[in-house]
1. B:LYS152: which lysines have alpha carbons under 30 Å from its alpha carbon, excluding same-chain residues fewer than 8 sequence positions away?
2. Extension gain B:ASP333-B:GLU346, at 0.36 nm per residue separation less the Cα-Cα distance, in nm?
3. Return the average number of partner chain Cβ atoms within 10 angstrom of each residue Cβ along peptide A:142-149.
4. Once you treat every alpha carbon in region B:143-224 as an equal point and sum by Debye, what is log10 I(q)/I(0) at q = 0.12, 0.22, 0.25 Å⁻¹?
5. Need the list of lysines near B:LYS285 for cross-linking: C-alpha distance under 16 angstrom, and skip anything on the same chain fewer than eight residues off.
6. Average partner chain C-beta neighbours within 10 Å, per residue of A:132-139?
7. Where Lys and Arg each count +1 and Asp and Glu each count -1, what net charge lies around B:ALA72 among other residues with Cβ under 11 Å from its Cβ?
8. Which order do the peptides B:347-356, B:162-171 come out in when sorted by mean C-beta neighbours inside 10 angstrom, highest first?
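Throughout, read-outs are computed from the coordinates displayed, never taken from laboratory work. Small disclaimer: the values here were computed from a predicted structure and weren't measured. Cβ: placed from backbone, ideal geometry, glycine included. Neighbour counts: every protein chain shown.
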Amino acid sequence: MLTEVLERSRGLVEDTTYRRALDWKKAGGKVVGCFPVYTPVELIHAGGMLPLGVVGGGTSVELAHADSRFQSFVCSIAKSTLELGFQGRLGLLDAILFSSICDVARNLSSVFKRNFPGVHVDYLHYPQNMSSAGVIDYMESELRRVRDNLQRVCGVEISDDRLSASILVWNRWRALIADLYALRRDEPQKISTVELYLLFRAGTLMPVEEHIPLLEASLAEFRSRTAKPRDCIRVVVEAAFCEQPPIGLIEVLEEAGCYIVDDDLLRGWRFFDTPVGEEGPPLRSLAAAYVDGSTYSSVRHDWRKKRWEGLIDRVRLSRADAVIFMPAKFCEPALFDYVLYREALEKASIPHLMVEFEEKMWTFERTRNEVETFVESMLFD
Amino acid sequence: MAAERQYQGVVHERSREIMSAWYDDLARAAKTGEPSACLMISGNCVEILRAFDIHPIFPEVNALQMAIRKQALPMILKAEQMGYSGDNCAYVKADVGFLMSGGVGPTGTIPSPSIVVCNYVGCNVYVKWFEHIAHFCKAPLFMLDIPFLREKAPSKDDITYVMKQLQELIALCEQVTGKKFDIDKLREICRYAARAEDGWARAKDLCKAKPAPFDAYFDSINMMGPINVLRGTKAAADFFDAAVAEYEEQVALGAGPLPEERFRIITEGPPPYPYYRNFRNLFAKWGAVSVASTYSTVGGLWEYGFRHDPERPLESIAEQMIVHNLTNRSILDRYQQIKDYVERWEADALVIHSIKSCRLFSAGQGDMREYFTKELGVPTLLVESDLEDPRYYSEAQMKNRIDAFFEALEHRKLVNA
């Protein structure tokens, strides 16, 4: 069963025509695109709509139109997402949500709006002043604005009751993802990162109710696997939270001798350290989760606890030996953070390696070499 | 063809004088330890700092001063050695390199800030930049989070959130300075601010004249210091009175910045500070004058009527930060701003200077070109370099593109005539 689930997941992840979402659409459902990083998927789900991860074109989309709109120094995900639009592959979207992660994403939301007037484009401004006494009120108001827009434009009802029910569903889903992560952390020989990633990402491309049973069954199978630990170093992968690396690159890291014991791939889909509150007014719970329950992130300012302290904690909690810093080419939030992460890692004597990627890269030999050398230097030190 | 322009006028001199006085204040503060605060240019709240006599430091101005004096590259390289990427904003890198070199620059010593006030007004790089400054200077950081203008108008809750934070900032300023907040002092500051804004708006409006009395891109820099850095002082208000008088006189005389105004252009995007004069001359040669520019409105859109209000000082500061500046508005709002300039300032063409450092400005400018050429039929030139990093400026390539564009424009004029 596991092989079949993983194959189906790979099929969904590599398919930029969004097959499963198209079926949903054909059956009369509505689809709302979620551009990275974090999206309050509960709002979409509570309206009976499908939240769909729209995370660029991966390895398969050739740019024919989008590179005349965005310059050469702009990250690939912005261009390939726009290209998906030009190629008609996002025609299934009723709406798409962008947020205040970086200047490129913001301008992309505008360019998207102008070129595809049939799609409702909303841009969420997430708060950055977590210390202000007004911050949760603000965040709640922002979520209400987005909800009201979705209700109006998509003609759906997103009541508090339905929203509360959705919070329960997504908490369950995120708990299962967290279980997968915990299993890989504790027994990395039983589940590879490629397997975990495919399974996880498939959940951003299909209805959550369909995905939960797959996760439950897969978890049981992964746990019952017998495999001997390999001679690997344990690493945390940091900075791949928006544009996604090609699966081939993750494979290379694993083949080169890394057990990835924690990572921030698609981090926005598992943005919270604790479950969203299940009691009380649901918009308030979601707002409070963002302000007080989020993980550290390059796209969220929170001076109460510095981001690099979060990274050091993550290394400790996952008992990692090293950090592989893996930003997408031209990703400013990640590249800026590298400076302070590096300083903190060096202070804590944690080895690190920088591996820059682009979603459509297809040769990995240089990276393989670098990672192998890095791993060897640690194994035989 | 027109020769290189010589005239710089009183405005340029007066601007230099009052800006130098500010640098001297900063150098003094560095010695005496008087409180100072880092602040960003875009949609700023300098009025509040001023109400506490906190010296405002503008890292962006440090960066541009180094670039224009061709001193930026060593600072950029220093930052890149620390781990900053070749793809990071070079304004930040130059400023960090400067900080790490002891903070003594072409304008004198810049004090280490007592507080770092990040007015997050659209630009996401601001957040990182000020995190880094606060970290390296070990100074308290206040993140003044301004909700982006993502609907036609800000919501009541957006305004409440900003007002709340302004009050929290005031409490921090009280703590740092030991002074009690004096709203009447803030009103007085807002009165001066509004007077400067009146002058700014009037000056910009005068560029509707043919010829325009000054270049609203290259010469606006003389007014951008006073309006964004010194706003709220008597010196800035007086400066604008003098500037308007000079420009009005220019209009009356039918004089412009060049011997002949042959093309009226709108310029979008920040200038290449490391090659400011070279770049300017490439346009001057064709008699091309910018009659309006978007870059000059990063701090505020006063030409569209907004003024700080002494009767509602904090509310008006909040409104300026959220609504009335370029950076907190979408790029589509910018398309409309430019379209308005083209129509009401009667321009012949749009020039987009696309810079790698500032993706807030540049990401999507290809789409902007598409909109102006295909949908509006406005001749549009897009050229690329950088506002800080001299390595991205290629004079020959720039010249070829600009010459080709104006040749075509000239041809078009002839045919249309």
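1. A:LYS30, A:LYS79, A:LYS113, B:LYS128, B:LYS164, B:LYS204, B:LYS208, B:LYS339, B:LYS356, B:LYS374
2. Values: separation 13, 0.36 × 13 = 4.68 nm, distance 1.92 nm.
Extra length from B:ASP333 to B:GLU346 when fully extended: 2.8 nm.
3. Mean number of neighbouring Cβ atoms from other chains: 2.
4. -0.64, -1.03, -1.08
5. Answer for B:LYS285, where 16 Å is the Cα cut-off: B:LYS399, listed by chain and number.
6. Working: counts 11, 5, 10, 4, 0, 4, 10, 2.
The per-residue average across the peptide is 6.
7. Details: positive: B:ARG69, B:LYS70, B:LYS78, B:LYS93, B:ARG391; negative: B:ASP95, B:ASP386, B:GLU388, B:ASP389.
Net of charged neighbours comes to +1.
8. The packing order, highest mean first, is B:347-356, B:162-171.
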